[in-house]
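Novice: Below you'll find the structure I mean.
The values are calculated or read from the model by the stated rules, or taken from the named source; none is laboratory data. What you see is a predicted model, and the numbers here were worked out from it, not measured in a lab. Please note: Cβ atoms are built from the backbone with ideal geometry, for glycine as well, and neighbour counts cover all protein chains shown. These accessible areas exclude ligands, DNA and RNA; they are computed on the full protein's heavy atoms, side chains included. Shrake-Rupley method; radii C 1.70, N 1.55, O 1.52, S 1.80 Å.
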Amino acid sequence: MPLLEVRDLTVVFERKGEKPFTAVDHVSFDVEPGQTVGLVGESGCGKSVTSLAIMGLLPRRGARVSGSVQYEGVNLLSLSDREMRDKRGRDLGMVFQDPLSSLNPVIPIGVQVTEVLERHRDMPRKKAMLEAAELLDKVGIPDPTRRLSEYPHQLSGGMRQRALIAIALACRPRLLIADEPTTALDVTIQAQILALLKELVHDLGTALVMITHDLGVVAGLCDEVNVLYAGRVVEKAHRHELFAAPRHPYTHGLLSSIPRLDAPRGEKLNPIRGSVSDNIPWSEGCAFAPRCPNKLDVCVRVTPEQEDIGGGRLLRCHNPVKPPVAEEVSA
Amino acid sequence: MLRYTIRRLIQLVGVVLVLSLLLFAWLRALPGGPVSALLGERSTPESREALTKQLGLDQPIFVQYVKFLGRALSGDFGVSTGVQPGDSALDIFLQRFPATIELSALAILIAVAVGIPLGYMAAKRRGGWFDNISVGGSLLGVAVPVFFLAYVLKDVLSSALGLPTEGRQDAINATRVTGFFVLDGVLTQEWDAALNALEHLILPAVALATIPFAVVFRITRAAVLDVLDEDFVRTAESKGLTAPTIRRRHVLRNAMLPVVTTIGLQTGALLAGAVLTEKVFSFAGVGQALAIGFERRDYPVLLLLIIMATIVYVVVNLLVDLSYALIDPRIRTR
Ligand SMILES: Nc1ncnc2c1ncn2[C@@H]1O[C@H](COP(=O)(O)OP(=O)(O)O)[C@@H](O)[C@H]1O
Ligand code: SF4
Ligand SMILES: [Mg+2]
């Protein structure tokens, strides 16, 4: 049985005086215990909203969530606020994008680690402090005991993200969701944090949902990859197959834009013309059609359905990219 | 931190010196003066001249000021000519200052104890009926003149609540220790006296509290709204912390920074409010003395009270700055 089973997860934002906006549209995917699954797509395609919906962190007002999120066989969407609070931090951990703003600036790091231990593992403060020092050590923070009494602004960006990873993993959750955990960091630090995450989830047997706009991150980390476009999964495949033979034109475009390590930091990668926002909605044909090099006449009239194309792959496209013959043999 | 404190206190000495000179000159530039106030309509030129001489007002202002400074250094701030004629200005200050401090402290306490929780609740229910009503109410709190509210409390509500409306304490032969009547009652364990003094404080304190309450409420609401949008609150939620922990440790702790600053700035407004409130409730505090002092041009009392009020204002704001550093480690560890 999968650890996490997301089925037809849909999030609609109701906005005053505007049409409701569907940020996540019938997204389904599974995460097996210990597996690392990638959610990939450009900014605005619904990755963060998906993760917040799983964690039960969307604003209570204005966001309509439907579908189901089964975690260990329990539908998280049907839990009460109190039951969900018991699960968060204990069974599901989350790491966010910006480590500085994600830490409370006026509370020592130590308290920010121990509070989750006190909450879920009933540890007294003293014991939790020892455990916290051990956790900081495990995520590679030097001199952890001293760091416990320091404040977020006294740590470097990389150290802050390490601390947040320690916090998220403090109660040994079986699932960790990382939402662009390296986007706000320097390139060299990015690689370190990714290596750390990979090592930790391997050692602890934690399943990881890795959210990123960067296929380079996926390449080194993920078992399965879901490519999102405008709130829908357009392609799903094992990492090797996806890289060897991307079938969706959007994935194909993304793959030819993997950033080189020597690319200047902060440079916008824009190999695919246009952006998510100026798309037609999925209700009238394919949302990617305005930017698609493979577009057919049918694409703007008929919305492509998700199809199983064999080998554990799913695809949503009328005119997929032809797989390169040689690669297919080796795969 | 210590060096910062010392520097601010040295600055304070400079401020007091400059202020005292300006006040000294300004008070004497006001139309009228203590002589006409004391002698009234039926003065003769001779009696006026005699009194002017007796008060030393015939000398050049600068000479008067230097003499004043010399005497002030030995603790002599002159004799009251209007508020309590014949009493030393220092005695008047020592009697009245504790009264106003007690009144203001209770007012601030009410403002904070009501304003912060209400501000938090309004922010949490942003746009809801509770939010709208309390925001409207706080606007009213700022807009309604203090003295109007004071009269309403005094004339309409006091009898219903059975609370006294005049003075600081009934004539009940209480022992005086510090001049803070409530505190004295506690120190001497004369509980009746303490309670009686407290009852006398309630209505004027409520009147005085309205504006600081409205300000604290609005600042808390705005600050909490800002903090609720912060990423670290989402992190706290992602840890599954209980709602009270998140409220106290993550939301309010951060939202308190602007609120504390506001409280410091409100001390100035409190004194202005005290002038009106003390008048309505015949409360023998600094505000009442200032009002009478201005009417009767009581230079020594006005000078001492205004300078002391300034010192209090500066010291309170210094304490605010220091507590700011206590709340925010980014300032402390810089
Ligand atoms: N609280 C919200 N209210 C309204 N719209 C939102 C909200 N949060 C996100 N959105 C919209 O949902 C879409 C998906 O956002 P998000 O999941 O954050 O994208 P990303 O893939 O970059 O993480 C965006 O168009 C965003 O504007
Ligand atoms: S359905 Fe058509 S427009 Fe959409 S990605 Fe496929 S080929 Fe392109
Ligand atoms: Mg995002």
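Novice: Output the peptides A:134-147, A:167-180, B:171-184 sorted from most to least packed, where packing is the average of other Cβ atoms within 10 Å over each peptide's residues.
Specialist: A:167-180, A:134-147, B:171-184
Novice: Between B:T44 and B:D226, what length in nm is gained on full extension when 0.36 nm per residue of separation is reduced by their alpha carbon distance? Mind dumping the intermediate values first?
Specialist: Numbers: separation 182, 0.36 × 182 = 65.52 nm, distance 6.71 nm.
Result for the pair: 58.8 nm of gain on full extension.
Novice: So, one more: Over what distance in Å are the Cα centres of region B:187-226 and region A:197-246 separated?
Specialist: What the calculation gives is 59 Å, centre to centre.
Novice: Counting only other residues whose beta carbon sits under 9 Å from that of A:I109, what net charge do I get with K and R as +1, D and E as -1?
Specialist: Local net charge: +1.
Novice: Hey, another quick one. For region B:1-74, compute Rh as the Kirkwood radius over C-alpha pairs and then the Stokes-Einstein diffusion coefficient at 4 °C and 1.567 mPa s; write the answer in µm²/s, rounded to an integer.
Specialist: In µm²/s, the coefficient is 88.
Novice: Quick one: with all protein chains in place, what share of the accessible area of chain B is carbon or sulfur, to the nearest percent (1.4 Å probe)?
Specialist: 66
Novice: With the solvent-accessible surface defined on protein heavy atoms using a 1.4 Å probe, which residues belonging to region A:53-93 display a reduction of at least 20 Å² in accessible area in the multichain context relative to the isolated chain?
Specialist: At a threshold of 20 Å² (probe 1.4 Å), the residues of region A:53-93 that become less exposed are A:L57, A:R61, A:R85, A:R88.
Novice: Stretched out fully, how many nm does the piece from B:L12 to B:K67 gain, at 0.36 nm a residue minus the Cα gap?
Specialist: Working: separation 55, 0.36 × 55 = 19.80 nm, distance 2.17 nm.
Result for the pair: 17.6 nm of gain on full extension.
Novice: Could you compute the FRET efficiency for A:R15 and A:S257, with r as their C-beta to C-beta distance and R0 at 25 Å, rounded to 0.05?
Specialist: Computed FRET efficiency for A:R15 and A:S257: 0.20.
Novice: For peptide A:166-172, what's the mean number of Cβ atoms from other chains within 10 Å of each residue's Cβ?
Specialist: Shielding by partners across A:166-172 averages 1.
Novice: Across the Cα atoms of the protein assembly as shown, what radius of gyration and what greatest pairwise Cα-Cα distance (Dmax) are found, in Å?
Specialist: When restricted to Cα atoms, the protein assembly as shown yields Rg and Dmax of 35.0, 123 Å.
Novice: Rounding to the nearest 10 and keeping the result within 0 to 90°, find how far the Cα-based axis of helix B:45-54 lies from the longest principal axis of chain B.
Specialist: 60
Novice: Now for a separate question. Roughly how many nanometres apart are two label points built 7 Å out from the Cα toward the Cβ at B:A160 and A:S68?
Specialist: 5.8
Novice: How large is the accessible surface per residue of the protein assembly as shown, computed with a 1.4 Å probe and reported in Å² as a whole number?
Specialist: I get 47 Å² per residue for the protein assembly as shown.
Novice: Taking amide H positions as placed 1.01 Å from N in the peptide plane, with prolines and chain starts having none, which residues 5 or more places from A:V95, or on another chain, fall under 5 Å of its amide H?
Specialist: The list, which skips near neighbours in sequence, is A:I177, A:A178, A:D179.
Novice: Too long at a 20 Å Cα-Cα cut-off: which of A:K295/A:K322; A:K138/A:K198; B:K154/B:K279; A:K87/A:K127? Write down the numbers at each step before the final one.
Specialist: Working: A:K295/A:K322 14 Å; A:K138/A:K198 13 Å; B:K154/B:K279 12 Å; A:K87/A:K127 22 Å.
Flagged as over cut-off: A:K87/A:K127.
Novice: While we're on this one: Translational diffusion coefficient of region A:77-120 at 25 °C, 0.890 mPa s, Stokes-Einstein with Kirkwood Rh over Cα pairs, in µm²/s as a whole number.
Specialist: Rounded to a whole number, D works out at 204 µm²/s.
Novice: Most mobile of A:S28, A:S78, A:S68 per a Gaussian network model of chain A (Cα springs, under 10 Å)?
Specialist: A:S78
Novice: Let me ask you something else. Measure nothing but the geometry: give the 0 to 90° angle between the long axis through the Cα atoms of A:125-138 and the longest principal axis through the Cα atoms of chain A, rounded to 10°.
Specialist: 50
Novice: Oh, and also: Using a probe radius of 1.4 Å on protein heavy atoms only, what is the accessible area buried between chains B and A, both sides summed, to the nearest 100 Å²?
Specialist: Rounded to the nearest hundred, the buried surface is 2300 Å².
Novice: Let me ask something else. How far apart, in nm, are two points set 7 Å out from the Cα along the Cα-to-Cβ line at B:L21 and at B:T245?
Specialist: For the pair B:L21/B:T245, the computed spacing is 5.9 nm.
Novice: Let me ask you something else. Based solely on C-alpha atoms, express the radius of gyration and the Dmax of region B:89-331 in angstrom.
Specialist: 20.0, 65
Novice: Same structure, new question: Can you figure out the FRET efficiency of A:E134 with B:A105, using R₀ = 60 Å and their beta-carbon distance, to the nearest 0.05? List each step's numbers first, then the result.
Specialist: Values: r = 47 Å, r/R0 = 0.79.
The calculated FRET efficiency here is 0.80.
Novice: Using θ = phi - 60° and the Karplus relation 6.51 cos²θ - 1.76 cosθ + 1.60, list the HN-Hα couplings for region A:12-23 in order, rounded to whole Hz, with x at every Gly or Pro.
Specialist: 10, 8, 8, 10, 4, x, 10, 5, x, 10, 8, 7
Novice: Can you compute the modelled spin-label distance between A:K126 and B:R126, with each label point 7 Å from Cα toward Cβ, in nm?
Specialist: 4.3
Novice: Would you kindly calculate the translational diffusion coefficient of region A:4-222, applying Stokes-Einstein with the Kirkwood radius from alpha carbon pairs, for 20 °C and a viscosity of 1.002 mPa s, and quote it in µm² s⁻¹ without decimals? It would help to have the intermediate numbers written out before the result.
Specialist: Details: Rh = 17.9 Å.
For the chosen part, D equals 120 µm²/s.
Novice: Ignoring ligands, DNA and RNA, what percent of the accessible area of region A:4-222 is carbon or sulfur (1.4 Å)?
Specialist: Percent of accessible area from carbon and sulfur atoms in region A:4-222: 50.
Novice: How many Cβ atoms of partner chains, on average, are near each residue of B:239-252 if near means within 10 Å of its Cβ?
Specialist: The mean count of partner-chain Cβ atoms within 10 Å per residue comes to 5.
Novice: Something else: Return the lysines within reach of A:K19: Cα separation strictly under 17 angstrom, same-chain partners fewer than 8 residues apart disregarded; answer none if there are no such residues.
Specialist: By straight Cα distance, A:K19 reaches no lysines at all.
Novice: Which angle from 0 to 90°, rounded to the nearest 10, does the C-alpha axis of helix A:157-169 make with the longest principal axis of chain A?
Specialist: Rounded to the nearest ten degrees, it is 90.
Novice: ³J(HN,Hα) across region B:133-144 via Karplus (A = 6.51, B = -1.76, C = 1.60, θ = phi - 60°), whole Hz, x for Gly/Pro?
Specialist: My calculation for region B:133-144 gives 5, 6, 5, x, x, 5, 4, 4, x, 7, 7, 5 Hz in order.
Novice: Which whole number gives the average count of other chain Cβ atoms within 10 Å of the Cβ atoms across peptide A:104-110?
Specialist: 6
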